[in-house]
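The values are calculated or read from the model by the stated rules, or taken from the named source; none is laboratory data. This one's a predicted model, so the numbers in the text were calculated from it and none came from an experiment. Cβ placement follows ideal geometry from the backbone for every residue including glycine, while neighbour counts extend to all protein chains displayed.
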Amino acid sequence: MNDPHTTAKEIWATGSTVGATTLFEKIIEASKYRCGANAVSENALNVDSITIKWIDGAILEINRTDSSFWIRLAQSAQSEPPNLNKSLESFYQEIVEPLKDKTGGVAAGLSW
């Protein structure tokens, strides 16, 4: 098992193209509602890679394909993986987890 002191977590989602796109769009809208419209990079729905500034100041990077996406935290010199992991866990619990259960054709989780 990976050492939580040296490894950052990531959120993954995969499934049907429609399900993954729907979940992605719901995550963007929920992030804008929770963090403000300026927290999400412009034209978020039209690109394969976007950023979100989470409520604790952490920057999340979302990279997607047609049927999947990954959410990782941008590394910074001041933050260690355990702190970054707390930010990602918070985003998962507050944004992704409630939405994934309401989106058909997709599975999502938090992993090392």
- Message: For the range 56-75, give me each residue that is assigned to a strand (DSSP E or B) and in contact with a Leu (Cβ under 9 Å, 6 or more places away or on another chain).
- Response: ILE59, LEU60, GLU61, PHE69, ILE71, ARG72, LEU73
- Note on the structure: Going through the range 60-84 in order, the residues found to be surrounded by 15 or more Cβ atoms within 10 Å (Cβ to Cβ) and modelled with pLDDT under 65 are SER79, PRO81
- Query: Looking at this structure, is ASN46 modelled with pLDDT under 85, more than 16 Å from SER16 (Cα to Cα) and of a type outside the set (Phe, Trp, Tyr)?
  - Reply: yes
- Query: So ILE52 clears everything in (1) at pLDDT below 90; (2) in contact with a helix residue (DSSP H, G or I) (Cβ under 7 Å, 6 or more places away or on another chain) except one condition, right? Which one?
  - Reply: (1)
- What are the residue pairs meeting all of these: first residue in the range 84-112, first residue farther than 18 Å from ALA20 by Cα, second residue of a type in the set (Val, Ile, Thr) and in a loop (DSSP other than H, G, I, E, B), Cβ atoms under 8 Å, and 6 or more apart or on different chains? SER90/ILE55; TRP112/THR7
- Item | For GLU25: the one exception among (1) at positive phi; (2) out of contact with any strand residue (DSSP E or B) (no Cβ under 9 Å at 6 or more places or on another chain) | (1)
- Item | Residue in the range 2-14 that is farther than 13 Å from LEU88 by Cβ, over 11 Å from the mean Cα position of the chain (by Cα) and either modelled with pLDDT of 90 or more or not in a loop (DSSP other than H, G, I, E, B) (or both) present | yes
